[in-house]
Amino acid sequence: LTAQLSLDGLEHDCVVLCLDQTDVADQSGENPPARSTAEDLAYVIYTSGSTGKPKGVMVENNGLVNLALAQIETFKIDASSRVLQFASFSFDASASEISTALLVGASLTLIAKETLLDTDQFTGLLVGQQISHVTLPPSFLTGLPEQAISGLKTLVVAGETCPVEMMKRRSQNLHFINAYGPTENTVCASAAVCFPSMDAVSIGKPIANSRIYILNAQHQLQAPRIPGELCIAGAGLARGYLNRPELTAEKFIEAELFGKTERIYKTGDLARWLPDGNLEFLGRIDQQIKLRGFRIELGEIEAVLGQFEHIKEAVVSLYEADGNKRLVAYLTIAEGELSTVNEPLFIDSLRDWLKARLPDYMIPASFIILDSLPLTPNGKIDRKALPAPEFQPSAGFSLPHTPTEALLAVCWANVLKRDAISRNDHFFELGGHSLLATQLVSRIRESFRTELPIRAIFEHPQLARLATAIDHASKTLALPAIEVQAEGTPKVLSFAQQRLWFLHQFENQHSASYNMPAALRLTGPLNVEALRHSLHWLLERHQSLRSCFPAQDGQTSVHLLAMEALAALHIHDLRRLDDLCADLPPFAKACPELAEWGG
């Protein structure tokens, strides 16, 4: 359908109807008869399989309509609602967001990818567009401020296991729903309305016209509290997999349940019925996991790892700490090779080798080499006994060289939960991902007073290169001019600095009691390098310690923190003190507080 003016620039091989040249007066004004039926396909959407080969799930019209009607009621969506289109069109959750909004006449707000990657922009969108209903994965919700959800009426979490603490906190003032469902059952199979008084997060009960069974390996019903495979039947069931009849027959089976034959889908998920009639999700039967929206088969990663030279056994596990999930690979080395393996170099070469064979989201963030893998009494690998990952320095570990690198390393350590960061480290190889990148951008904004776009993390993932980008961005800022003061003129100090100056004048010159009420006297050799490292970290943390008092009566100007170290450590050799403090970083560049008084 087009118009004559647009026809010349239109490349096509279709039948063309120009509306401005077609007489439609004699055509019927009634709606044409519906040609599609409930059994026709609504869409085909691809999802990864156990071998990593994508499989197309065929979803029919009746499944999509049933989903929309059920969610409209459960989510409390009406014509006045404003629904956010959060999910990518390559994820089946987008069909849910679109159909629920359009079927009830609500507003549907689309979102740009760049907005998703910036916490401030995303928060501004939710508030500015007065979004009332949104569906988010728990890992994304973790990084959002309270302001982002303050105007919501309904918050749905799905795609990952929802932490209890998150449910209790977020459900206080919201209609909070934890939803569950595989692609093969038209997005959603069950949902639970959650309240702060709950001690656990369940996946609730089946949505309308859906049925869920917990079965054992013989496809027999399990009693309440007894774990089994979660199997689904009802209106939402997909037709099967496109052009994959053997896989369809394996996953969509006929089972005798309650005296009748049911067509069910075997999800591969482990669950059990609770006494209150709700379902508890217990994880995957076949070790398939979902990480940041990606379905990952751990066995596929293990198979690739087993192809690398010197590796005898490989086990991959999903490790979670402080709300951050990452893949961890546990390896054993072939007999006779362990003594010849340089661990940092080995891991670096292994990571580079994996990049050519696996997508980024399937590459483990940590590699741990063990003498042997822990086993259960029956000889199987005991995954629960695998050790927690620790920081692993890369082969080219190097401490930060510049003040920007040092402060940026602190930001990385806080976001990635690492103890030490090398200037050669790669953000994403340390377990970083797009959600953590948004947190890093916020910390950079706070620490450097610099507005850095989220794409800079992806363009400069190495710490040293990102520090250079921050320095470049800082030079482009319109900073207030610093008035040049003549040598010897008094400096304008902050209140805290004035107090310390007064106490410094009042107390004995070599006393630290004005700012150090208690101290330990240590004896023995002084490790100057360790002291220098400690002073650096203290300077970064405390604004008042980045002060120096102007020279008086011909005395040398002494850095406040260095003066305290002199008094506390009884270092009376000023030349040694000068050596110690000679390379203290110029914090005026990184700290606007110094610029304010012309220091």
* Structure fact -> (1) open to solvent by 60 Å² or more (accessible area, probe 1.4 Å); (2) touching a Lys or Arg at 6+ places or on another chain (Cβ under 7 Å) all hold for Glu446 apart from (2)
* Structure fact -> Flagged in segment 98-112 as open to solvent by 40 Å² or more (accessible area, probe 1.4 Å) and of a type in the set (Val, Ile, Thr), in numbering order, are Ile98, Val104
* Search result, residues across segment 132-165 that are of a type in the set (A, V, I, L, M, F, W, C) and more than 19 Å from Thr438 (Cα to Cα) -> Val134, Leu152, Leu155, Val156, Val157, Ala158, Cys162, Val164
* strands (runs of 3 or more DSSP E) contained entirely in segment 280-362, each with at least 2 residues that are open to solvent by 30 Å² or more (accessible area, probe 1.4 Å) and modelled with pLDDT of 80 or more -> 311-321
* To do: Could you tell me whether any residue of segment 451-470 is touching a helix residue (DSSP H, G or I) at 6+ places or on another chain (Cβ under 8 Å), over 28 Å from Pro137 (Cβ atoms) and not in a helix (DSSP H, G or I)?
  => no
* Can you name the residue in segment 471-488 that is in a helix (DSSP H, G or I) and open to solvent by 50 Å² or more (accessible area, probe 1.4 Å) and, of all such residues, is modelled with the lowest pLDDT? -> Lys475
* Asked: Checking Thr47 against (1) open to solvent by 40 Å² or more (accessible area, probe 1.4 Å); (2) closer than 28 Å to Ala106 by Cβ, which test does it fail?
  -> (1)
* Would you be able to tell me the number of residues in segment 11-36 that are among the hydrophobic types (A, V, I, L, M, F, W, C) and open to solvent by less than 80 Å² (accessible area, probe 1.4 Å)? => 3
* What number goes with the only condition from (1) part of a helix (DSSP H, G or I); (2) open to solvent by 20 Å² or more (accessible area, probe 1.4 Å); (3) farther than 28 Å from Pro453 by Cα; (4) touching a Pro at 6+ places or on another chain (Cβ under 9 Å) that Met167 does not pass? -> (2)
* Go over the candidates Ile264, Ile289, Ile253 one by one and state the one that is under 15 Å from Thr161 (Cα atoms) and β-branched (Val, Ile, Thr). => Ile289
* Structure fact -> Among residues of segment 231-271 being of a type in the set (Lys, Arg) and assigned to a strand (DSSP E or B), the residue surrounded by the fewest Cβ atoms within 10 Å (Cβ to Cβ) is Lys260
* Read through the list (1) modelled with pLDDT of 90 or more; (2) farther than 30 Å from Thr37 by Cβ; (3) in contact with a Cys (Cβ under 8 Å, 6 or more places away or on another chain), then give the number of the only condition that Gln121 fails. => (3)
* Hey, can you tell me all the residues within segment 170-206 that are open to solvent by 40 Å² or more (accessible area, probe 1.4 Å), without any contact (Cβ under 8 Å) to a residue 60 or more places away in the chain and charged (D, E, K, R)? => Asp199
* Can you tell me which residue within segment 59-97, out of those that are free of Cβ contacts under 8 Å to residues at least 40 places away in the same chain and under 19 Å from Ala38 (Cβ atoms), is most open to solvent (accessible area, probe 1.4 Å)? => Val65
* To do: Kindly indicate whether any position in segment 120-131 is outside any helix (DSSP H, G or I) and of a type in the set (A, V, I, L, M).
  => yes
* Are any of the residues in segment 101-117 in contact (Cβ under 8 Å) with a residue 40 or more places away in the chain and more than 19 Å from Ile149 (Cα to Cα)? -> yes
* Structure fact -> Residue count, segment 404-440, condition over 27 Å from Leu116 (Cβ atoms), of a type in the set (D, E, K, R), open to solvent by 20 Å² or more (accessible area, probe 1.4 Å) and touching a residue at least 40 places away in the same chain (Cβ under 8 Å), comes to 1
* Would you please name the residue that is nearest to Pro138 (Cα to Cα), looking only at residues in segment 53-83 that are in contact with a helix residue (DSSP H, G or I) (Cβ under 7 Å, 6 or more places away or on another chain) and aliphatic (A, V, I, L, M)? => Val83
* Asked: Pick from segment 170-221 the residues that are part of a strand (DSSP E or B) and of a type in the set (D, E, K, R): which of them is nearest to Glu250 (Cα to Cα)?
  -> Arg211
* Asked: Is one or more of the residues making up segment 70-81 of a type outside the set (Lys, Arg) and closer than 30 Å to Glu302 by Cα?
  -> no
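The values are calculated or read from the model by the stated rules, or taken from the named source; none is laboratory data. Predicted, not measured: the structure shown is a model, and the values here were computed from it. Cβ coordinates were reconstructed from backbone atoms using ideal geometry, including for glycine residues, and neighbour counts include every protein chain displayed. The accessibility values were calculated without ligands, DNA or RNA, using every heavy atom of the protein model including side chains. Shrake-Rupley method; radii C 1.70, N 1.55, O 1.52, S 1.80 Å.
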